[in-house]
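A.B. asks: Here's a structure for you.
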Amino acid sequence: MFNIEEFDIKLDTDFIGRNFIYSDEVDSTNSLLLTKKDFNIDGTVLLAEFQRSGRGRKNRTWISNAGQNLTFSILLINEIKENKANHINLGASLAVAQALENLYQLNVELKWPNDVLVSKKKISGILIESSSKGSKINRLVVGIGINVNQPNFPGKFEIQPTSIRKEFKSTVSREKLLSEILNNFEIIYYQLKKNATKILNDWRNRCKLIGEKIKIVEEDKILNGVFEDIDEDGFLLLKVGNKIEKIYFGDVSLR
Amino acid sequence: MDINLLKKLIKMVEQSEITDFSVQEGDLKVKISKNTHNAANFSFQTPIEYSRPMVQSNAAIPIVESPSVEIKRETKSDLHEVKSPIVGTFYRAPAPDADPYVEVGDSIATGTVLCIVEAMKLLNEIESDVNGKIVKILVENATPVEYGQPLFLIDTK
């Protein structure tokens with residue numbers, strides 16, 4: 001059972017998570033916050049113990065044991081400028097990374113655009129969904145899944161998963177972890193509103209693939225090159241021969 | 001010749017209408033020329049050449065074009081453009097095997113979801129900001145779109 005009091009004591013934010021919804025089971029925390037327009041408090045956090053259809057990109061599923069992990073979404077309803085959405089994307093993975101470093105001293109690595117890895121295994125995945133009317137994004141949800149106390153991961157995966165319990169060799173408080181992530185996220189969000197440079201640099205510092213030969217896979221297309229950098233909008237710059245290609249999406253891995 | 005004088009001369013020519021200027025002092029001849037046709041020398045070349053992003057090769061849903069007659073009949077002011085708020089890839093359906101959100105000829109209301117544009121791991125649903133009828137879908141499924149690129153034409157009459 002998630003102890004809301006324990007979570008609340010550690011929460012140190014102005015608005016992120018101040019409106020907190022706890023749910024046993026939903027289809028997807030992202031879908032619910034995005035489509036139910038009566039959720040209209042900025043910073044609302046919806047935590048579900050179980051998602052019937054948790055998902056990632058391309059309708060990939062996100063499977064998580066009930067009650068052992070964290071699956072939640074953060075709703076942002078202030079007007080968001082277009083490139084800020086990408087910054088929030090990178091910033092969300094940074095918020096998770098910092099929490100894992102601060103609380104459990106884990107050696108965290110970020111994989112473009114927003115996977116969080118420990119020992120080259122996936123510990124957290126993030127999917128952002130937004131809706132725009134006209135040319136303005138007016139609702140944005142940051143969906144975050146973290147493997148916390150799940151002891152093992154039977155099955156086949158594209159990237160081997162791991163959990164904090166496996167890496168830290170102990171079960172941990174989900175309440176403390178959630179509040180730490182939300183505290184970090186709010187600080188990052190405020191920083192991004194002013195200037196993205198620091199956040200982009202903090203992200204770069206945790207991305208071990210910059211400068212490496214990588215491949216980017218999307219559907220049946222494979223692109224090989226050198227991971228030059230990310231640009232000011234967060235897009236991946238891939239050096240292919242003498243040309244730089246700007247990459248918007250795809251699965252990145254070492255060649 | 002004094003270097004400062006030379007600088008002054010260049011500045012003077014720069015700020016004037018004069019395109020060619022020459023002066024001789026002893027055996028030193030200075031010619032300053034503003035070649036206005038050769039503007040390319042002053043343009044900045046982008047150091048990075050961006051090419052198109054990765055594109056899904058199997059475009060499952062073909063673009064549906066409305067009869068051109070119908071478009072000509074409309075006056076421009078009745079047609080509302082829905083533009084992309086982000087750079088990314090345009091998808092007409094929520095999943096590769098799902099039906100498109102809208103087709104040409106569909107009546108739509110403010111808030112109807114028209115498409116998804118994806119960039120990084122961000123899926124942005126674009127809702128209509130007007131009531132009307134879809135007249136034209138301007139972009140093919142699973143192709144890259146730029147910021148502000150028109151995606152749909154909607155007849156608001």
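A.B. asks: How big is segment A:103-237 along each principal axis, measuring the range of its Cα positions in Å and listing the largest first?
C.D. replies: 44, 36, 28 Å, listed from the longest principal axis down.
A.B. asks: Using just the helices of chain A, give the 222 nm mean residue ellipticity in deg cm²/dmol: DSSP H runs with n ≥ 4 each add -39,500 (n - 2.57), and the total is spread over all residues, rounded to 500.
C.D. replies: Taking each H run of at least 4 residues, the total per residue is -9000 deg cm²/dmol.
A.B. asks: Express the relative contact order of chain A as a whole percentage, based on alpha carbon pairs under 8 Å and six or more residues apart in sequence.
C.D. replies: 18 percent
A.B. asks: Now for a separate question. Over the alpha carbons of chain A, what is the largest minus smallest coordinate on each principal axis, giving the biggest first in Å?
C.D. replies: The principal-axis extents, from largest down, are 56, 45, 32 Å.
A.B. asks: In peptide A:123-132, what is the residue-averaged number of other protein chain Cβ atoms found within 10 Å of each Cβ?
C.D. replies: Taking all residues of A:123-132 together, the mean is 5.
A.B. asks: Ok, one more. Simple spin-label model, 7 Å along Cα-to-Cβ: residue A:107 to residue A:193 in nm?
C.D. replies: About 3.8 nm separates the two model spin labels.
A.B. asks: Once fully extended, how much extra length lies between residue A:157 and residue A:6, figured as 0.36 nm per residue of separation less the alpha-carbon to alpha-carbon distance?
C.D. replies: 51.0 nm
A.B. asks: For segment A:165-228, run through the trypsin sites (Lys or Arg not before Pro) and keep only the ones in DSSP coil with at most 12 other Cβ atoms within 10 Å of their Cβ.
C.D. replies: For trypsin sites (Lys or Arg not before Pro) across segment A:165-228 that sit outside H, G, I, E and B with at most 12 neighbouring Cβ atoms in 10 Å, the list reads A:169.
A.B. asks: Measuring from label point to label point, each 7 Å out along Cα→Cβ, what is the residue A:81 to residue A:204 span in nm?
C.D. replies: 2.0 nm
A.B. asks: Now, a different point. How do A:129, A:228 line up, fewest other C-beta atoms within 10 Å first?
C.D. replies: Starting with the residue having the fewest Cβ neighbours, the order is A:228, A:129.
A.B. asks: At what distance in nm do the modelled label points of residue A:138 and residue A:172 sit from each other, each positioned 7 Å from its Cα along Cα→Cβ?
C.D. replies: Rounded to a tenth, the inter-label distance reads 3.9 nm.
A.B. asks: Something else now. Too long at a 18 Å Cα-Cα cut-off: which of A:122/A:198; A:81/A:246; A:246/B:136; A:81/B:83; A:246/B:121; A:81/A:243?
C.D. replies: A:122/A:198; A:81/A:246; A:246/B:136; A:81/A:243
A.B. asks: Continuing with the same structure: For A:62, A:112, what ranking results if the residue with the fewest other Cβ atoms within 10 Å of its Cβ goes first?
C.D. replies: Lowest count first: A:62, A:112.
A.B. asks: Which part of segment A:24-58 falls in the paramagnetic zone of residue A:66, meaning amide N under 12 Å from the point 7 Å along Cα-to-beta-carbon?
C.D. replies: Zone members listed by number: A:24-26, A:49-52.
A.B. asks: Cα gyration tensor of segment A:213-254, axes a ≥ b ≥ c as square roots of the eigenvalues: rounded (a/c below 1.5), prolate (a/b > b/c) or oblate?
C.D. replies: Cα axes put segment A:213-254 in the oblate bin.
A.B. asks: Return, ordered by residue number, the residues of segment B:76-100 whose backbone nitrogen is under 16 Å from a label point located 7 Å along Cα→Cβ of residue B:106.
C.D. replies: Those under the cut-off are B:82-83, B:90-100.
A.B. asks: Further question on the same structure: Quick check: the distance between the Cα centres of segment B:98-157 and segment A:194-219, to the nearest angstrom?
C.D. replies: Between the Cα centres of segment B:98-157 and segment A:194-219 lies a distance of 31 Å.
Each reported figure results from applying straightforward, stated rules to the coordinates on display, with no laboratory input. Just so you know, these numbers come straight off a predicted model, no measurement behind them. Positions of Cβ are generated from backbone atoms using ideal geometry, with glycine treated the same way; all protein chains shown enter the neighbour counts.
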